[in-house]
């Protein structure tokens with residue numbers, strides 16, 4: 001029970017940390033849940049870190065008028081996508097460092113690789 005409380009406390013701390021980075025959404029899921037919905041051809045968490053038990057998922061909300069303006073606003077949309085992915089990547093690195101300082105293994109996995 002003590003370990004469970006520590007994990008729940010860590011989960012709350014991670015979520016708070018991510019939201020403090022001004023991201024819009026964060027969740028923690030079991031590796032089995034993520035693996036079950038990962039499309040064929042993509043890495044599952046356990047492919048990269050076999051002892052992985054949980055995955056942190058986070059997101060930024062798109063600016064709706066920019067999406068609604070496609071295809072005319074494609075250039076602005078592309079620039080926004082680059083900026084959002086950079087922000088997510090930076091947060092991934094911060095979280096990996098944050099978890100490493102607490103003694104956990106963490107592998108930041110980019111959502112989009114260009």
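Each value in this text was obtained by applying a stated rule to the coordinates, not by laboratory testing. Every value quoted in this text rests on a predicted model; they were computed, and no experiment measured them. We place every Cβ from the backbone using ideal geometry, glycine too, and count neighbours over all the protein chains shown.
Some points to look at:
- Among the conditions (1) more than 15 Å from the chain's Cα centre (by Cα); (2) surrounded by fewer than 16 Cβ atoms within 10 Å (Cβ to Cβ), residue 80 misses just one, which is (2).
- One residue stands out in segment 38-61 among those that are assigned to a helix (DSSP H, G or I) and loosely packed, with under 15 Cβ neighbours inside 10 Å: the one that is farthest from the chain's Cα centre (by Cα), namely 47.
- The sole residue among 35, 69 that is more than 12 Å from the chain's Cα centre (by Cα), at negative phi, buried (at least 16 other Cβ atoms within 10 Å of the Cβ) and free of Cβ contacts under 8 Å to residues at least 24 places away in the same chain is 35.
- First in segment 92-109 and under 13 Å from residue 51 (Cβ atoms), second anywhere and part of a loop (DSSP other than H, G, I, E, B), Cβ under 9 Å, 6 or more apart: 105/49; 105/51; 105/52; 106/49; 107/49; 107/52
- Test: residue in segment 62-74 that is outside any helix (DSSP H, G or I) and either closer than 26 Å to residue 16 by Cα or in contact with a strand residue (DSSP E or B) (Cβ under 6 Å, 6 or more places away or on another chain) (or both): yes
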